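The values are calculated or read from the model by the stated rules, or taken from the named source; none is laboratory data. All values reported here derive from a predicted model rather than from experimental measurement. Neighbour counts are summed over all protein chains in view; Cβ atoms, including those assigned to glycine, are modelled from backbone coordinates with ideal geometry. Keep in mind that these areas ignore ligands, DNA and RNA; they rest on the heavy atoms of the full protein, side chains included. Shrake-Rupley method; radii C 1.70, N 1.55, O 1.52, S 1.80 Å.
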Amino acid sequence: MNGIHRRLRGVEPRMNHREARALFLALADDELPAPKAQEVRTHLDGCEDCRQGWQRYSSTVQRLQRVAREQAPPALASLVMHRVRRKRRFGLRGLHTAHMNHRLPVEVLIPLLLAAAVAAFLMLVAP
């Protein structure tokens, strides 16, 4: 093993920029275990780019948390749910009937092909 690939015992590798930024969401939501959160914060202390990214990200999250949540009008919610239930109830039947409108049943197709083959045979045999 060369010196680049050798790991020192007891020393964890440093977190890179991509790993730190991927954990911003979990850090903002306090979902990271304490050692991992400390690792991200240690990286932020030593990396100016990631620290600026974290400050922008956390300020955006804080602003979004202060925004009042809007509720859909009850009539709209019931209309949407009614359409969803109706679509579930008639969805497969509607798909089946739409498919049948654009397809020739096999029971009709086989006699037509047989009649065409017989007609071709008779035209070739007849003088």
Tell me whether segment 61-78 contains one or more residues that are surrounded by 10 or more Cβ atoms within 10 Å (Cβ to Cβ), under 17 Å from Leu25 (Cβ atoms) and modelled with pLDDT of 85 or more.
yes
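The rows are residues; the columns are (1) open to solvent by less than 100 Å² (accessible area, probe 1.4 Å); (2) at pLDDT 90 or above; (3) among the β-branched types (Val, Ile, Thr).
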site	(1), (2), (3)
His17	yes, no, no
Cys47	yes, no, no
Arg51	yes, yes, no
Arg85	no, no, no
Thr97	yes, no, yes
Of all residues in segment 47-60, count the ones that are touching a residue at least 24 places away in the same chain (Cβ under 8 Å) and over 12 Å from Glu19 (Cβ atoms).
5
Can you name every residue in segment 28-45 that is assigned to a helix (DSSP H, G or I) and surrounded by 11 or more Cβ atoms within 10 Å (Cβ to Cβ)?
Ala28, Lys36, Ala37, Gln38, Glu39, Val40, Arg41, Thr42, His43, Leu44
Can you confirm whether Phe90 is modelled with pLDDT of 90 or more and open to solvent by 80 Å² or more (accessible area, probe 1.4 Å)?
no
